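> Mind looking over this structure? Questions follow.
Derivation of every value follows stated rules applied to the coordinates shown; laboratory data play no part. If you're wondering where the values come from, they're calculated on a predicted model, not measured in any experiment. Here the Cβ is made from the backbone with ideal geometry for all residues, glycine too, and neighbour counts use every protein chain on show.
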Amino acid sequence: MALRVKALESLMVEKGLVDPAALDALVDHFEHKVGPRNGARVVARAWTDPAYKTRLLENATDAIAELGYQGGQGEHMVVVENTPAVHNLVVCTLCSCYPWPVLGLPPVWYKSAPYRSRAVIDPRGAIAEFGTELPDEVEVRVWDSTAEVRYLVLPQRPAGTEGLDEDALAALVTRDGMIGTARL
Amino acid sequence: MNGVHDLGGMENMGPIAPETDEPVFHERWESRVHALVVASPTRRNIDEGRHQRELIPGPKYLAMSYHEKWFTGLCDLLVKYGYATRDEIAAGRAAPGFKTETPVLTADVVGERLRRRGSYVRDAAPPKFAVGERVRTRNLNPHGHTRLPRYARGHVGVIVASHGAHVFPDTHAHGDDEDPQPLYTVRFMARDLWGETANPKDSVSLDLWEPYLERP
């Protein structure tokens with residue numbers, strides 16, 4: 001594949017279809033500017049600022065943009081909240097829709113057939129593969145991203161974190177916690 | 001199109017295999033494919049791009065990695081719109097007498113472009129259904145692109161959100177007509193989709209356009 005891609009890139013540059021410097025800037029963006037750290041900041045803010053959390057659950061796109069995160073694959077954001085009684089899980093069964101501005105690009109497993117197929121029919125079994133057993137009494141809500149709406153899970157704030165500030169809390173938030181394949 | 005990309009509800013596809021400390025790209029070529037797709041003049045219609053990848057024959061689709069599918073879809077669109085021939089793509093060199101294009105995305109505007117707040121909401125007729133209303137998904141099996149998965153057809157659910165009119169992929173993937181239609185989030189009880197073995201508390205919600213829905 002490396003050779004075929006190199007040939008395609010050479011051709012597209014030669015024809016003026018792409019600017020090589022733009023390609024470098026794009027790779028830099030996806031490797032360094034977006035990623036789960038952005039989403040973690042959103043979550044930590046929601047944990048520490050009740051008014052922000054209210055705005056986030058009412059209009060996630062605007063509330064996330066307050067922190068500077070916006071753009072393609074984040075045009076219409078919805079945040080779903082985990083509680084002791086409810087657990088949320090996000091999937092895209094038809095392709096690989098994922099909220100790039102807050103989580104970056106999706107991991108391989110998120111884009112692959114095993115997760116995309118099973119998350120809707122056996123969400124508890126899928127989550128168990130990540131090491132989390134959900135009790136039967138917890139309601140599981142699966143969100144299949146079939147349109148341009150992108151979902152972010154607001155995990156529960158872990159117990160014993162009352163004294164932590166926003167930065168310390170953000171460090172506790174994992175990507176899988178914001179997809180719903182883990183509980184924090 | 002009832003293709004293999006419509007994976008929801010299938011089993012025995014193998015373990016999910018989460019990877020610890022996964023890199024954004026595993027190999028350099030993957031990052032170049034991603035950038036080429038985003039920068040290419042063929043990146044003008046997200047629904048068409050998705051449908052192009054769905055058109056990869058089923059056995060190949062399942063065997064390909066994500067970035068191989070992106071590479072294949074990009075090559076197919078470049079050929080479809082006359083930007084390149086198969087021979088040029090294989091050779092990595094333009095045929096004599098080619099026409100030089102101007103890149104649609106240049107380095108100086110990449111940052112601005114990636115942070116641009118786009119929207120798929122359009123002006124259209126008001127929604128026919130209300131939040132809280134029960135709806136049934138229609139039994140649609142179009143040969144073209146659709147975002148109504150097979151597992152959710154012919155089932156009754158409840159509208160939990162109304163998003164205004166969004167670009168309608170079933171039309172938009174096959175041209176530039178955005179054909180905006182009201183979009184809803186519809187919640188289905190897991191037992192209605194999968195039968196009595198599902199947990200009675202669980203649900204699956206999908207974002208569905210009005211033409212997929214009817215009154216039960």
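> Determine one quarter of the surface area of the Cα convex hull of region B:28-115, which equals its mean projected area, and express it in nm² to one decimal.
On the way: hull surface 27.3 nm².
With the hull built on Cα positions only, its mean projection is 6.8 nm².
> Which values of log₁₀ I(q)/I(0), to two decimal places, follow from the Debye formula for chain B at q = 0.10, 0.12, 0.18 Å⁻¹ with a uniform point scatterer at every Cα?
Relative scattering, expressed as log10 I(q)/I(0), comes to -0.60, -0.84, -1.42.
> I need the per residue convex hull volume for region B:129-214, using only the alpha carbons, in cubic angstrom as a whole number. Each step should come with its number before you reach the end.
On the way: hull volume 6.8 nm³, N = 86.
It is 79 Å³ per residue.
> Based on Cα positions only, what radius of gyration and what Dmax would you give for the protein assembly as shown, in angstroms?
Calculated on Cα positions, Rg and Dmax stand at 21.1, 69 Å.
> How high is the relative contact order of chain B, in percent, counting Cα pairs under 8 Å that sit 6 or more residues apart? List each step's numbers first, then the result.
Working: 292 pairs, mean separation 41.8, N = 216.
Reported relative contact order: 19 percent.
> By Kyte-Doolittle mean hydropathy of at least -0.5 and Cα axial length of at least 18 Å, which whole DSSP H helices of chain B are selected?
On the way: long enough: B:66-80 (21 Å, -0.03).
Correct list, ordered by number: B:66-80.
> With only Lys, Arg, Asp and Glu charged, each at its Cβ (+1 for the first two, -1 for the last two), find how big the charge dipole of chain A is about the Cα centre; round to the nearest 20 debye. Please list the in-between numbers first.
On the way: 18 positive and 25 negative charges, 83 e Å.
About 400 debye.
> Follow-up. Going by how many other Cβ atoms sit within 10 Å of their own, how do B:133, B:88 line up, fewest first? The partial results should precede the final answer.
Details: B:133 17, B:88 21.
Result, fewest neighbours first: B:133, B:88.
> Quick one: order B:201, A:53 by neighbouring beta-carbon count within 10 Å, fewest to most. Working shown, then result.
Numbers: B:201 16, A:53 19.
The fewest-first ordering by Cβ neighbours comes to B:201, A:53.
> Please list the equivalent ellipsoid semi-axes of region A:27-67, computed as the square roots of five times the alpha-carbon gyration tensor eigenvalues, in descending order and whole angstrom. Write out the running numbers ahead of the final one.
Details: eigenvalues 102, 23, 7 Å².
Each semi-axis is the square root of five times an eigenvalue, giving 23, 11, 6 Å.
> Report, in order of residue number, the helices in chain A meeting two criteria: a C-alpha extent of 15 Å or more along the helix axis, and a mean Kyte-Doolittle hydropathy of at least -0.5; treat each whole DSSP H run as one helix.
A:2-14
> Among A:26, A:93, A:83, whose Cα lies farthest out toward the positive end of the dipole of region A:4-103, if unit charges sit on the beta carbon of Lys, Arg (+1) and Asp, Glu (-1)?
The one lying farthest along the dipole's positive direction is A:83.
> Okay, next question. Over all residues in B:81-92, what is the mean tally of Cβ atoms on other chains that come within 10 Å of each residue's Cβ? Could you put the intermediate results ahead of the total?
Details: counts 0, 0, 4, 5, 1, 0, 0, 6, 5, 4, 3, 11.
Partner Cβ neighbours, averaged per residue: 3.
> I've got another one for you. Cα convex hull of region B:7-75: mean projected area in nm², to one decimal?
Numbers: hull surface 23.2 nm².
Average projection, Cα convex hull of region B:7-75: 5.8 nm².
> At a threshold of 8 angstrom on Cα-Cα distance, excluding pairs fewer than six apart, so keeping six or more, what relative contact order does chain A reach in percent? Could the numbers behind the result be given before it?
Working: 275 pairs, mean separation 49.8, N = 184.
This gives 27 percent for chain A.
> Roughly how big is the protein assembly as shown's charge dipole about its Cα centre, with Cβ charges of +1 (Lys, Arg) and -1 (Asp, Glu), in debye to the nearest 20?
Values: 46 positive and 55 negative charges, 127 e Å.
Using Cβ point charges on Lys, Arg, Asp and Glu, the protein assembly as shown gives about 600 debye.
> I need the shape label for region A:83-184. Rule: rounded when a/c is under 1.5, else prolate if a/b > b/c, else oblate, with a, b, c from the alpha carbon gyration tensor.
Details: a/c = 2.04, a/b = 1.33, b/c = 1.53.
Judged from the Cα gyration tensor, region A:83-184 comes out oblate (a/c at least 1.5, b/c at or above a/b).
> Continuing with this model, one more query. If you take the Cα atoms of region A:1-110, find Rg, then find the Kirkwood Rh from the mean of 1/r over all pairs, what is Rg/Rh? Intermediate values should be presented prior to the final figure.
Working: Rg = 17.8 Å, Rh = 16.3 Å.
Rg/Rh for region A:1-110 comes to 1.09.
> Obtain the nm distance between the two label points defined at residue A:54 and residue B:162 by a simple spin-label model: each point lies 7 Å from its Cα along the Cα-to-C-beta direction.
With each label placed 7 Å out from Cα toward Cβ, I get 2.4 nm.
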